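These notes concern the structure reproduced below.
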Amino acid sequence: MIELLERQKRLTGNQWKLIVTGNLADLLDFFDFFLIGYVLAFITKEWQLTYWQGAVILLSSGIGAVPGAFFWGWVADKIGRRTVFIATALNVALATGIMYFTPGPNGWVAGWIFLSVMRFFVGTGNAGLYAVDLPLVQEFMPASKRGWVSALVTTLLPAGSLLGALAGAYLAPIMGWRGMFLLGLVPIVLVLMVRYWVPESPRWLIRMGRHEEARKSLAWALQVDPKEIDLPSSLPEAEKARWSELFKYPRSVIAGCLTGLTQTGGVGLFLWGATLFTLVLGVSPAQAAFLYIWVSVAAVVSRFIVTALIEPMGRRGAGILCCVGGAVTTVLAGYLYDVFIGGVSMFYVLVIAASFFGSANYSVVGPYMAEIWPTRLRVSGMGLAYGVGNAGKIISPLGLALIIGAGDLIKPAANLDSLGLAFSYFAFWYVLGALAFWLIGIETKGRSFEEMDDTLGRRAGAPTQPLAHPVG
């Protein structure tokens, strides 16, 4: 049955609906995730937060993301991609909305502690949603289109930060920073969209032995009558897989985890960006949020550009290009933070450039982490790589706090002379990712999931069960 999908030349309207749903999921998901960066710019001085307290608020979502990616990835391989998509969207939205009730610094619990706890749960859902939505979209696509479609699905992810910047610049002064958290309930719309639009992955259904449902799902994607799709003459039995089987594929484990860790640099810039603008540029929090609009615009534009490059250059070539660009611009931003040319801050310009390369990189890394695993372990593998990569959300804000000075209040007197060293720390993870793509990475360009299953199965010494072909 899957051969019909692989022979497809043009995407159908239903496949485009799925792409739109995935794009909206990433946009709203990361709006909720990065919203805290703009809220922090408002409460830092009001609550007299130290670097340690600010760092804990920011890194708590990263702490939640690691087990969230592992857990939800494993669950998605057990009970289905669609069900977990819905569950994680609710997870993110409700955890963000509850932060509207954050107490003050001297409330029944210190406000920064309450925010940290709830951000842990936001991170849990955020990682799970991202780990499942890409495999869900990919498993409805032919290999010839999977690369650019996967990159396209991630293009609006940085627009989530853009919406956060717009909210911080224009809505926060009106509705207050607590009111901004109510906007985080919007991802509930995704639940309705998925329930109405999207069936379960046909590849997952075939693996589970639910062939009639798989035929209907494939017919939905191709927009044909299910009766027009012949069931195979011999039906493979349902496959069972254990999470521990991931480690039969060491090359996938290493490549996925190291490329996943490249988000360390980008996350650091996004989470601390508005606060650093207030320090380096001497602007108000609302002005910092406005300036960050253009950082987010560059991130969105870069993802559309890399969508056009990911097939011609391949995943490895595009990944190396983005990692090298991200490393160079990040280091320069840290060491030239006090340089102005013609009244223009080089720090601001270089942060925009670093955002461009860092964001483009994750349009390659995100899909790649899902492509390098056999079908029966795809979301578990994505969850492992993304979960390890999400350690970047912990070590990134924590690293900046340690290097610049965790005991100081966030104020203009902070030790900005250490910014170059902190940004070099961010850049290190891009360099590590470039080496992983170059020396370890598996090229997945143009290869169907069934081809990857066979190749990976032979390397593991236990060939995966091939999908049966339709009669005739």
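The values are calculated or read from the model by the stated rules, or taken from the named source; none is laboratory data. From a predicted model like this one, the values you see are computed outputs, not experimental measurements. When we count neighbours, we look across all protein chains shown, and the Cβ atoms used for this are built from the backbone with ideal geometry, even at glycine. What goes into the accessible areas is simple: the full protein's heavy atoms, side chains included, and nothing from ligands, DNA or RNA. Shrake-Rupley method; radii C 1.70, N 1.55, O 1.52, S 1.80 Å.
Key figures for this structure:
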{"read-out": "Cα gyration tensor shape for the chain, rounded if a/c is under 1.5, else prolate or oblate", "value": "prolate"}
{"read-out": "Average accessible surface area per residue within segment 67-137, 1.4 Å rolling probe, Å²", "value": "33 Å²"}
{"read-out": "Solvent-accessible area per residue, Å², over segment 287-412 with all protein chains present [probe radius 1.4 Å]", "value": "30 Å²"}
{"read-out": "Rel. contact order, % - alpha carbon contacts under 8 angstrom, at least six apart, segment 94-156", "value": "23 percent"}
{"read-out": "Accessible area (Å², 1.4 Å probe, nearest 10) - ASP417", "value": "130 Å²"}
{"read-out": "The chain, relative contact order [Cα under 8 Å, separation at least 6], %", "value": "27 percent"}
{"read-out": "Accessible-area value, LEU162, 1.4 Å probe, nucleic acids and ligands omitted, Å²", "value": "40 Å²"}
{"read-out": "Which of ARG210, ARG146 is most accessible, then next, and so on - probe 1.4 Å", "value": "ARG210, ARG146"}
{"read-out": "Solvent-accessible ranking of TRP220, TRP243, TRP108, largest area first, probe 1.4 Å", "value": "TRP108, TRP243, TRP220"}
{"read-out": "Whole-Hz couplings from phi, Karplus 6.51/-1.76/1.60, listed for segment 94-109; x for Gly and Pro", "value": "5, 5, 6, x, 4, 5, 4, 8, 4, x, x, x, 10, x, 4, 9"}
{"read-out": "³J(HN,Hα), Karplus 6.51/-1.76/1.60, whole Hz, each residue of segment 352-360, x for Gly, Pro", "value": "4, 5, 5, 5, 4, 6, x, 5, 4"}
{"read-out": "Members of LYS78/LYS145; LYS78/LYS248; LYS216/LYS445 lying beyond 21 Å, as alpha-carbon distances in this model show", "value": "LYS78/LYS145; LYS216/LYS445"}
{"read-out": "Long-range HN-HN contacts of LYS445 with modeled amide H, under 5 Å", "value": "ARG315"}
{"read-out": "LEU416, LEU421, LEU332, LEU4, reordered so the largest accessible area comes first (probe 1.4 Å)", "value": "LEU421, LEU332, LEU4, LEU416"}
{"read-out": "Computed [θ] at 222 nm, helices only, for the chain once each DSSP H run of length n ≥ 4 contributes -39500 (n - 2.57)", "value": "-24500 deg cm²/dmol"}
{"read-out": "Part-to-part distance (alpha-carbon centres) for segment 268-321 and segment 53-92, which is given in Å", "value": "23 Å"}
{"read-out": "Karplus-derived HN-Hα couplings along segment 422-433 (A = 6.51, B = -1.76, C = 1.60, θ = phi - 60°), whole Hz, x at Gly and Pro", "value": "4, 6, 5, 4, 4, 5, 3, 6, 5, 4, 4, x"}
{"read-out": "Using a Förster distance of 56 Å, the FRET efficiency for LEU231-ALA308 (Cβ separation, nearest 0.05)", "value": "0.90"}
{"read-out": "Accessible-area composition of segment 33-172, carbon plus sulfur, in percent [1.4 Å probe]", "value": "75 percent"}
{"read-out": "Rel. contact order, % - alpha carbon contacts under 8 angstrom, at least six apart, segment 27-182", "value": "39 percent"}
